[in-house]
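Reviewing the structure listed below.
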Amino acid sequence: MTKPFVPARMRPRDVLRVGGAGLRTRPLRAFLSALGIAIGIAAMVAVVGISSSSRAELDRQLAALGTNLLTVAPGNTIFGGAAELPTESVAMIARIRPVRQVAATGTVTGVKVYRTDRIPEAQTGGISVLAAHVNLPQTVGATLANGRWLNAATAQYPAAVLGSATARRLGIATAGEGVQVYVGRRWFTVIGILYPVPLAPELDSAALIGWPAAQSYLDFDGHPTTVYTRTVDSAVEAVRGVLAATANPQAPNEVRVSRPSDALAARQATDRTFTALLLGLGAVALLVGGVGVANTMVISVLERRAEIGLRRSLGATRGQIRLQFLAESLLLSALGGIGGMALGVAVTAAYATTQTWPTVVPAWATAGGVGATLVIGAVAGLYPAIRAARLAPTEALATP
C-alpha cells in the first residue's frame, strides 16, 4: 500500500529565499517599485518628525521662558475710542499676592527713531519708541545680545536699548560709546541691543528708553500701554481673572488681559493642521507606491507562468505558490518601507539641525511606517498571489 503524497512544508527561511529570488532576477524593476513606497514613507516620517521637532523646540522655549506671563493692555471705550491705563495701574497690580514681578512699557507717541538727523521724517522704518521699566528683561525673559540694559542711572538720561529688528534696520551691530540714534530731535546713546524676545515680540521693533528720560526729554505722559506680569504658576488663571479690575477699577471692561504663550500654542495648533495636510499628501504618495507594487507583481506573474507551471508540476501546492508571491510582495514593500524610514529620519535630522532644533522622530511614526508598508505589500500582492496559485500546471507550461 502506497503512502499518500504529503507536500513538504516551507520553513520561513525557505519562504524568504524563494521570495527574494524573484526580486534578484529583476533588480531595476524591484528598485523602482520599492522607490515609490520609500517616497511615501519618507514623506510621512519626515512630516511627523519635523512637526515633532518643531513642537519640542516650542516646548523647550516655553519651559525656559515660562507660561506664567500675563500682559495687560488698554482696550476700547464704550464709544469705540482708545482707552488708557491709569498711571498707578502697575503699583496696583503689584499688590496682588501671587504676583512675583511687574514691569511696563509705554508708547511715546509722535516720536520716531532715525539713524541720523539727515533722514526724511516719513522714513520711520516702522520703529516705535517705548518707555521701559528697568526690571523689564527679568519679567519678559529678554536677554542682551550686546551692551547692557538700563539701570537706575541711565534710565534718567538719553540712553536707548534697541530691539533685535530695530538694530538690524538701523544697521547697528554693536552698542557703546559713540553709537547714537536720533530720537525726537535729540541724540540718544545706544547702550544695548536685545536678542529676539519670543513672548514679547513687540520689543523687537522698538527703541527702549528709561521711563524718567521719556518724561523729561520726550514729553511722555506716563500712562503704561503694556503691563507684563509674572505670577505663581498655580495661580495664573486666578490672577488673570482679577487683573482687569485691578489695573483699572473704574472701567475694567476697557482692559485687555492675555497670555503670550497662548499665541505660541495657537501657532502650534496651526502647525498641527498643516502637518495633517502634509500627512494626507504622504498617504497619497504611499498609495501610489502600493499601486506600483501591485503592478509589478501582476506583471511578474504573467512573465513567470512557465516557472509557476514547472514548480506546480514538481509538486508545489497552490498554497506554496501563493505564499511565494505574497512573500515577494512583502519583501518588496518592506525594502521600500525601511529605505523610506531611513530617508525620512535623515531629512528630519538635517532640517532640525539647520534650524537648531532638537531632532525628534516619534517611535510610532517609524514603526507605523514600516507596518503600513507591510499592509500595503500584503494587499498589493494578494491578487497576484491568488492568480498565480490558480494557474494549472499544464496551462502554465503550455504558455510560450
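The values are calculated or read from the model by the stated rules, or taken from the named source; none is laboratory data. None of the values given here were measured: they were computed from a predicted structure. FYI the Cβ positions are ideal-geometry reconstructions off the backbone, even for glycines, and counts take in every protein chain you see. With ligands, DNA and RNA removed, areas are computed over all heavy atoms of the protein, side chains included. Shrake-Rupley method; radii C 1.70, N 1.55, O 1.52, S 1.80 Å.
To the nearest 0.05, what FRET efficiency results for Thr109 and Ala152 with a Förster distance of 22 Å applied to their C-beta separation?
On the way: r = 25 Å, r/R0 = 1.16.
That gives a FRET efficiency of 0.30.
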Check: the range 46-195 dipole with +1 on Lys, Arg Cβ and -1 on Asp, Glu Cβ, in debye: 120 debye
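Computing the accessible area with a 1.4 Å probe over protein heavy atoms, can you report the carbon and sulfur percentage for the range 319-395?
On the way: 2690 of 3610 Å².
Carbon and sulfur: 74 percent of the exposed surface of the range 319-395.
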Amide hydrogen neighbours beyond the local backbone of Arg148, cut-off 5 Å, H modeled: Gly192, Ile193
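Which peptide among 71-78, 107-114, 49-56, 169-176 comes first, and what is the full order, when sorted by highest mean count of other Cβ atoms within 10 Å? List each step's numbers first, then the result.
On the way: 71-78: 16.5, 107-114: 18.2, 49-56: 20.4, 169-176: 14.6.
Top to bottom by mean Cβ count within 10 Å: 49-56, 107-114, 71-78, 169-176.
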Net lengthening on full extension, Tyr383/Arg29 (0.36 nm per residue, minus Cα-Cα): 125.5 nm
In Hz, Karplus ³J(HN,Hα) per residue of the range 191-200 (6.51, -1.76, 1.60; θ = phi - 60°; x = Gly, Pro): 9, x, 10, 8, 6, x, 10, x, 8, 9
Karplus 3J(HN,Hα) series, Hz, for the range 371-379 with 6.51 cos²θ - 1.76 cosθ + 1.60 (x for Gly, Pro): x, 5, 5, 5, 5, 5, x, 5, 5
Cα gyration tensor, the range 59-163 - rounded (a/c under 1.5), prolate or oblate: oblate
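With a ≥ b ≥ c taken as the square roots of the eigenvalues of the C-alpha gyration tensor of the range 76-117, please select rounded if a/c is under 1.5 and otherwise prolate if a/b is larger than b/c or oblate if it is not?
Working: a/c = 4.03, a/b = 1.43, b/c = 2.83.
It is oblate, given that a/c is not under 1.5 and a/b is not larger than b/c.
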Note, ³J(HN,Hα) from phi for the range 241-250, Karplus 6.51, -1.76, 1.60, rounded to Hz, x at Gly and Pro: x, 10, 5, 4, 5, 6, 5, 9, x, 6
Evaluated over the range 42-96, the Cα radius of gyration and Dmax, each in Å: 20.4, 58
